[in-house]
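Q: Sharing a structure, written as structure tokens. Questions coming.
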Amino acid sequence: MQWVKLDDTTVVADQPLSAFVGKSLAANVNTYDKQLTRLATFVYPTTAEGDAKVKWASALDRRGTIIVVDVGNNAITFVVKVFYRTTNAAIGGRIYVQDIDTGWQVDSDVPGSASPTSIDIAVTSSGLTGRRAFLISFQSDVSEEPVGTVEVVGGVGNQVFCEPFGSNYPFTLATGYYEMYHLISFDPSAGNPAPSPDALLNYQVCAFKHNINADRPPHGVLVVWPELETTPPILTTNTTGAPKNNANLYELGRLELFSISVETSWPAFGSVRSPYVYQQPTSIKRISNQIDPAMANLQPNAGTLLSTGGYLGCVLPAGEEATFAFFVQTNKSVQQLLVSFRAVAYTATDAAPDITFGVRDFQGNTVDNDITHTNMPVPRITGQITVNPQPGTAMFMNGVLAGDQLWGMRDAMPIQDAAKGLSVRFAWGPNVATEIAQGSNGTTDAVYYGTITATADLYIYAFNCKVQ
Amino acid sequence: MSFAVPDIEPAAPVGLIAGDWIQASSMRSLVLRDRFVFATRRRLIASLPKVVTTASASYQVAYGFQAKMLPTANGIMLIGVTASDDCNVRVITSYGTTALTTGGMGCIIDQITGIPPSTWFGITVEVKSNTGSPVTIYGINMQEQILTAADLP
């Protein structure tokens, strides 16, 4: 513990009482940069066995998610710690950290690792204060050699029809859709699909479906991202013809994500010259001016993440609740909750949903009044279900529409899609009718939870709840 | 000289003006505000999203991650959970383990002590239902315990 004790050891001979107190206060304020640094941790659900549910592979560009970090006061240094393992211990990738507002970014290699490990990415920036949004994105390395070959029959939209090359597929077959993290390379010039300006086209394989029914073909379906080129098509839409060409499969580095932490610190205040503070009454005022921002900017957050198992963000079907728990240790700290997130709709059922935020006590009772924003113009994000994607639509919700959480990629998005989400904000309080109980060890009535509901299916990301 | 950590955020001092003398009440207010900031601005260790248990009476892993306390932490991590019915949440670290039981629809706060400050450590969170049916855990909140006067030098 380095906090300076206020006693006679800090006083100089003949100083007035206010002087040595002021000097000690200045010394305290000048150590806040090291002793009250901020840390935001984003923790993603695991399987019952402790394996990561978020599995993150991206072949063609870097894709990821937005996290909102309450960086404190005038933060200049950031260390982003990613806790992960890779599915293939020999293949990793590269991870990027980008400040949404200023655009600066840093990147780092992600080495392959069979066991959970972490990498630190250090960033130095100009002073940032309050809640800041960062895009954390990842691009996979690709295996140097193909893992095998399939015979391609045809394709349409995000489906490639295939059969085994030889007697077997270069992967183990299972029932229904199952997840893959591969790259498939077409060479149209070697086969008989329509011509393409590109001699070699690459698509990420997110899933495979093995058709075992008698009405096949196609024998197998590779679900790819992005959708196949249609103008001109690189594959015919025929599912019954003889195989037209062969395509190689490569393995992608795949991140299995457990958590992301961001630790921030800021420069020493420094401007209060401790030895002279008692001679400069204006410096006392300066101390006050530095304590005040620390009051608000260093207030702990109540929540940092809403996440559905397997997703970087939260899939919120209409009528269901997204929740987060919080408790407060000081009664001043619950005057106001500031909730913010971005939202997109992934179905066409309602383009302008009502979105509601509320607080519940330990018995599920409503605390104060719920807040509803009506007719919110939430943009709709179209997944890969169409042959011809509409201009401006995004594909980062791949897999959600099928309701199958075994698909790869899921909700990793490029920055241009991340920017499409509607920014939703709620300010709950400050004059609530019911006092929030303070929580301490053994308390059985002081953990509350926030609840978010909507009248349409939403996908929520970039969530933060700040206590004011 | 000793001061308690105020329970409520002290009001800002008023009337500070240039001069060699500062009113004692203003200086005391500054001291208390400084104490309040230092003692209460602790870290949120993690805010874990909603999880629904299985019906099984056996623990199942829900989260595994790394965290770090402030260099001035007192080594105590408070864990709060609120759930729709009776369930257990077990939090495991290399410095201690605790199991929280809600006992029905409700909440509880427990703690793990002895965590070294400013050191990354691993946390595993396991959950199980005590009802034979799936239980919704609305969230799990972990914070550094705020400091008391006894923690301060």
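Q: Give the residue, chosen from B:Lys68, B:Lys50, that is of a type in the set (D, E, K, R) and more than 14 Å from the chain's Cα centre (by Cα).
A: The conditions single out B:Lys50.
Q: How do the pairs read when you match residues in the range B:107-133 that are outside the structural domain of B:Ala55 (by TED's automatic domain parsing) with residues anywhere that are aliphatic (A, V, I, L, M) and part of a loop (DSSP other than H, G, I, E, B), using Cβ under 9 Å and keeping only pairs 6 or more apart or on different chains?
A: Final answer for the pair search is none.
Q: Looking at the range A:34-55, which of its residues are farther than 23 Å from A:Gly303 by Cα and modelled with pLDDT under 85?
A: Passing the criteria: only A:Lys34.
Q: Oh, and also: Within the range A:433-445, does at least one residue satisfy the condition of being modelled with pLDDT under 90 and under 24 Å from the mean Cα position of the chain (by Cα)?
A: No, the range A:433-445 has no match at all.
Q: May I ask you to list the residues in the range A:436-459 that are part of a strand (DSSP E or B) and more than 11 Å from every other protein chain (Cβ to nearest Cβ)?
A: Across the range A:436-459, the qualifying residues are A:Thr453, A:Ala454, A:Leu458, A:Tyr459.
Q: Among A:Ile91, A:Ile95, A:Ile67, A:Ile76, which is the only one that is part of a strand (DSSP E or B) and more than 20 Å from A:Leu305 (Cβ to Cβ)?
A: Values: A:Ile91 fails: part of a strand (DSSP E or B); A:Ile95 fails: more than 20 Å from A:Leu305 (Cβ to Cβ); A:Ile67 fails: more than 20 Å from A:Leu305 (Cβ to Cβ).
Answer to the check: A:Ile76.
Q: For the range A:48-69, enumerate the residues that are touching a Gly at 6+ places or on another chain (Cβ under 8 Å), within 12 Å of another protein chain (Cβ to nearest Cβ) and touching a residue at least 40 places away in the same chain (Cβ under 8 Å).
A: A:Lys53, A:Val54 - these are the residues of the range A:48-69 that are touching a Gly at 6+ places or on another chain (Cβ under 8 Å), within 12 Å of another protein chain (Cβ to nearest Cβ) and touching a residue at least 40 places away in the same chain (Cβ under 8 Å).
Q: For the range A:59-78, name all the residues that are more than 16 Å from the chain's Cα centre (by Cα) and among the aliphatic types (A, V, I, L, M).
A: At the first step, the residues of the range A:59-78 found to be more than 16 Å from the chain's Cα centre (by Cα) are A:59-61, A:71-78.
Within the range A:59-78, A:Ala59, A:Leu60, A:Val71, A:Ala75, A:Ile76 qualify.
Q: Another question about this same structure. Would you be able to tell me the number of residues in the range A:314-335 that are among the small types (Gly, Ala, Ser) and more than 10 Å from chain B (Cβ to nearest Cβ)?
A: 2
Q: Considering each of A:Ser185, A:Ser137 in turn, give the residue that is in a strand (DSSP E or B), assigned by TED's automatic domain parsing to the domain that holds A:Gly64, in contact with a Pro (Cβ under 9 Å, 6 or more places away or on another chain) and in contact (Cβ under 8 Å) with a residue 60 or more places away in the chain. If you could, list the steps in order and put the result at the bottom.
A: On the way: A:Ser185 fails: assigned by TED's automatic domain parsing to the domain that holds A:Gly64.
None of the others qualify; the one that does is A:Ser137.
The values are calculated or read from the model by the stated rules, or taken from the named source; none is laboratory data. Bear in mind that the values here come from a model prediction, so they are computed numbers and not experimental data. With ideal geometry, Cβ positions are generated from the backbone for all residues, glycine too; neighbour counts draw on all protein chains shown.
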